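Visitor: Before anything else, here's the structure in question.
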Amino acid sequence: MKIKFLTLFFFGATFFSGLHEDNDVTLGSWEIKNGIFIETNDEETNIARYNWNIFYNMFPKRITQRYIKKLVLMTDGEDEKTGALGALNEKNNEWQLVLDPIDVDFTSQDNTRISQSIYTLVHEFGHLLTLNHTQIKPAKRRKQEKGDPYVTIEGVATKDSYINKFVEEFWGGGLLTEWDKIQKNFCMTEQKSCLEKLYGLYKDNYTDFLTDYAAESPEEDIAESWTAFVLGEKYDNPQTIAEKKVNFFYQFEELVYYRKVIKKNIRKYQ
């Protein structure tokens, strides 16, 4: 069985421990202080500085200054894992951005590569926007209870958080319960079986998701939907749940403003 499911993005601390694979090569790490890239003598410093400047100038500076404290360059070759975002502490208020410079390459002459690079950055910013400490309260509880706010790796979502509202609206009808079963019975033990089951979840509910990758988790679903919201247009008459997910973000005035800022900032690269 061929699995279309793509492991293009990761979030959370698991990327930096359990999901680190033998073919992942760390090229270096750099501190970020209030949005300022701290120089080192590492060989990859120039490309790290270049990538950071693009990220910093693409997104609302208030958020990037507040949360991003480290940039890591890591590669596993072309077109595999392209980027990641992970919390650096249990308070969920300091984060590190991980990029693969082979995949995220704004110096490329290939328009497809540039588009994919923009997509990656917008997606990862979506994680920062929806999982930071104003959205998620750190907690040791990992079990999802019926009627309670959504539980993430980082903690428990606040009632009025973007992701909790998103899950309440789009992950009902047994979808979250089925996803939880897959996580418990397959994803804790063997990645291939996990991906097969998640891809099956996507196929069974394909009109609910914008991409097969979105079915990996509510966290990835909201990040994929956020990316489509930023890079695409509003659906005047949404026909599917996937299309309604894109329109979900228009109810938040601040996110509509962020979209306007980001779209303006990426024009120079398109």
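Visitor: Restricting attention to region 139-153, does a residue exist that is assigned to a strand (DSSP E or B), modelled with pLDDT under 95 and not assigned by TED's automatic domain parsing to the domain that holds residue 198?
Guide: no
Every residue, every condition in (1) at pLDDT 95 or above; (2) of a type in the set (Asp, Glu); (3) in contact with a His (Cβ under 9 Å, 6 or more places away or on another chain); (4) surrounded by fewer than 16 Cβ atoms within 10 Å (Cβ to Cβ), yes or no:
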| site | (1), (2), (3), (4) |
| --- | --- |
| 176 | no, no, no, no |
| 179 | no, no, no, no |
| 182 | no, no, no, no |
| 186 | no, no, no, no |
| 190 | no, yes, no, yes |
| 195 | no, no, no, no |
| 207 | yes, no, no, yes |
| 210 | yes, no, no, no |
| 215 | yes, no, no, no |
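Visitor: Further question on the same structure: Please tell me if residue 221 is surrounded by 13 or more Cβ atoms within 10 Å (Cβ to Cβ) and either assigned by TED's automatic domain parsing to the domain that holds residue 60 or out of contact with any Ser or Thr (no Cβ under 6 Å at 6 or more places or on another chain) (or both).
Guide: yes
Visitor: Between 264, 244, 260, which is outside the structural domain of residue 125 (by TED's automatic domain parsing), surrounded by fewer than 17 Cβ atoms within 10 Å (Cβ to Cβ) and more than 17 Å from residue 59 (Cα to Cα)?
Guide: Testing whether each residue is outside the structural domain of residue 125 (by TED's automatic domain parsing), surrounded by fewer than 17 Cβ atoms within 10 Å (Cβ to Cβ) and more than 17 Å from residue 59 (Cα to Cα) leaves just 244.
Visitor: Continuing with this model, one more query. Listed residues 112, 107, 120; which is outside the structural domain of residue 207 (by TED's automatic domain parsing), within 30 Å of residue 23 (Cβ to Cβ), among the β-branched types (Val, Ile, Thr) and touching a strand residue (DSSP E or B) at 6+ places or on another chain (Cβ under 8 Å)?
Guide: Only one candidate passes the filter, namely 120.
Visitor: Out of all the residues in region 211-228, is one or more closer than 23 Å to residue 55 by Cβ, in a loop (DSSP other than H, G, I, E, B) and over 16 Å from the mean Cα position of the chain (by Cα)?
Guide: no
The values are calculated or read from the model by the stated rules, or taken from the named source; none is laboratory data. Being a predicted model, the structure only gives us computed values, none of them experimental. So basically every Cβ, Gly included, is an ideal-geometry build from the backbone, and we count neighbours across all protein chains shown.
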